[in-house]
Every structure is written in structure tokens, then in C-alpha cells.
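Quick notes on the structure that follows.
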Amino acid sequence: MDKYKPTNRTSFLHPIGLLSFGPRALPPDLSLEARDTLTLYQAVVSVQDQIAADIGFLDPKNFFSTALGFLRQKDILEYELKLKEVLIELMKSFDPCDVSSPLGKVVHSLQDPIVRETAGDTTPSPTAFKNDFLVLLADLSVKNELVCHSVIRKANVFLTCQYPASHLV
């Protein structure tokens, strides 16, 4: 692994960008990272003139104007909830697969360009999946983005779990 060079074939996938694959509801336990929340807000703002909902209250400057000092996790979670409520209302009115609809435009803007160009349901063969999965594991390991990685010593393989420093709070 010391000489392995990553393929750079991994892409960031926004959870809302995956609505293009057809789900008509958000999972109840869907949680967004701060970056995901901000990009979702920006995508919704880009279509605000095409939707009936007033989303001015979601402007972070307005929403967090009463917060004193640093934002707390509670504040962020409340913001995420309100943003997802707007998204759920959009999902009731528009098809996420219709790129001419406001929701479709939001989803389209959050998609990875390579994923966006993939036509239909592309399920790899078991052999291709295994080969690509091994490459993915190697890429993640080299970039220290793999939570659990294998340590190979002679003919024995030991599984060790660790959290990369970038994931520690």
C-alpha cells in the first residue's frame, strides 16, 4: 500500500442529489452535514421565484439573528429541520426527476456531474463490483479516509478499527 496511488475516482454525493434516483420521500432519519445544509439552502434560493413558499426566513443571517455568541448544535438542527420541511413541501408538488421543475433544478444542481450523466440504473456485475470495491477501499485507505482498515502482516490479516484525526471532535 505504500506505493499505491489513489485513482481519484471518488466523488462527493449530496444526499438530496440522490433524489434523482426516484425516491418520493425523505428518510425520517436523514441528517445533513453543515456543508450539505448550506448547499441545499443555496440551491433552494436559486429557485425561490418559482415556488410559492416564502423562504426568506431561512436566510442564515435572518434565522440565526437572535443567537447570542456561537451557534449551538441545537440551533443548527432546528435550521436543518426547517429547511427539510421546505424540501418536503416541494416534494409534494414536484417530481425530483423533472429537471424543469423547481425541485428537479434543486436536485440537479446538487448532483455530481458524473453521476448526473449516468443513464438509468447501472448495476455492475458481481466481478466488476468486487474489483471496484477493492479499488475504493485502497483509495480510501491511502487518503486516510477509511474508518476501518486492514493491517497485513505476513500471511495474517488483522482488522483494526480507528477513527482518522479528521473525524475526531
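The values are calculated or read from the model by the stated rules, or taken from the named source; none is laboratory data. None of the values given here were measured: they were computed from a predicted structure. Reconstructed Cβ throughout: ideal geometry from the backbone, glycine too, with neighbour counts over all protein chains shown.
Among the residues of segment 78-95, how many are out of contact with any Phe, Trp or Tyr (no Cβ under 7 Å at 6 or more places or on another chain) and of a type in the set (Phe, Trp, Tyr)? Before the answer, list the steps.
Quick first cut of segment 78-95, residues out of contact with any Phe, Trp or Tyr (no Cβ under 7 Å at 6 or more places or on another chain) only: 78, 80-82, 84-95.
Next, only the ones that are of a type in the set (Phe, Trp, Tyr) stay: 94.
Result for segment 78-95: 1.
Among the residues of segment 143-153 satisfying the criterion of being among the aliphatic types (A, V, I, L, M) and surrounded by fewer than 13 Cβ atoms within 10 Å (Cβ to Cβ), which is modelled with the lowest pLDDT?
Going through segment 143-153, the residues among the aliphatic types (A, V, I, L, M) turn out to be 146-147, 151-152.
Filter again for surrounded by fewer than 13 Cβ atoms within 10 Å (Cβ to Cβ), leaving 147, 151-152.
Working: Val147: 66, Val151: 43, Ile152: 38.
Checking each candidate, the answer is Ile152.
Would you mind finding the one in Gly22, Gly56 that is within 30 Å of Leu134 (Cα to Cα) and assigned by TED's automatic domain parsing to the domain that holds Ile76? Explain how you work it out, then say what you get.
Values: Gly56 fails: within 30 Å of Leu134 (Cα to Cα).
The conditions single out Gly22.
For (1) hydroxyl-bearing (Ser, Thr, Tyr); (2) modelled with pLDDT of 90 or more, each residue gets a yes or a no:
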site: Leu13; (1), (2): no, no
site: Ser46; (1), (2): yes, yes
site: Thr66; (1), (2): yes, no
site: Glu80; (1), (2): no, yes
site: Leu83; (1), (2): no, yes
Return the residue satisfying two criteria in turn: it lies in segment 101-142 and is assigned to a helix (DSSP H, G or I) and hydroxyl-bearing (Ser, Thr, Tyr), and of such residues it is modelled with the highest pLDDT.
Ser109
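Taking the stated definitions as given, is Lys74 surrounded by 12 or more Cβ atoms within 10 Å (Cβ to Cβ), out of contact with any His (no Cβ under 6 Å at 6 or more places or on another chain) and charged (D, E, K, R)?
Details: surrounded by 12 or more Cβ atoms within 10 Å (Cβ to Cβ): no; out of contact with any His (no Cβ under 6 Å at 6 or more places or on another chain): yes; charged (D, E, K, R): yes.
Here the answer is no, as Lys74 does not meet what is asked.
Which one is surrounded by the most Cβ atoms within 10 Å (Cβ to Cβ), of the residues in segment 15-29 that are more than 10 Å from the chain's Cα centre (by Cα) and among the aliphatic types (A, V, I, L, M)? So that I can check it myself, show each step before the final result.
Going residue by residue through segment 15-29, those that are more than 10 Å from the chain's Cα centre (by Cα) are 19-29.
Still in the list and also among the aliphatic types (A, V, I, L, M): 19, 25-26.
Numbers: Leu19: 24, Ala25: 10, Leu26: 14.
This residue is Leu19.
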Here is a list of conditions, (1) over 24 Å from Ser93 (Cα atoms); (2) out of contact with any helix residue (DSSP H, G or I) (no Cβ under 7 Å at 6 or more places or on another chain), and Gly22 meets all of them except one; can you say which number that is?
(1)
Just give me the residues in segment 102-118 being touching a helix residue (DSSP H, G or I) at 6+ places or on another chain (Cβ under 8 Å) and hydroxyl-bearing (Ser, Thr, Tyr), in sequence order.
Ser109
Might you check whether a residue that is of a type outside the set (A, V, I, L, M), in contact with a Pro (Cβ under 6 Å, 6 or more places away or on another chain) and not assigned by TED's automatic domain parsing to the domain that holds Asn144 occurs anywhere in segment 40-47?
no
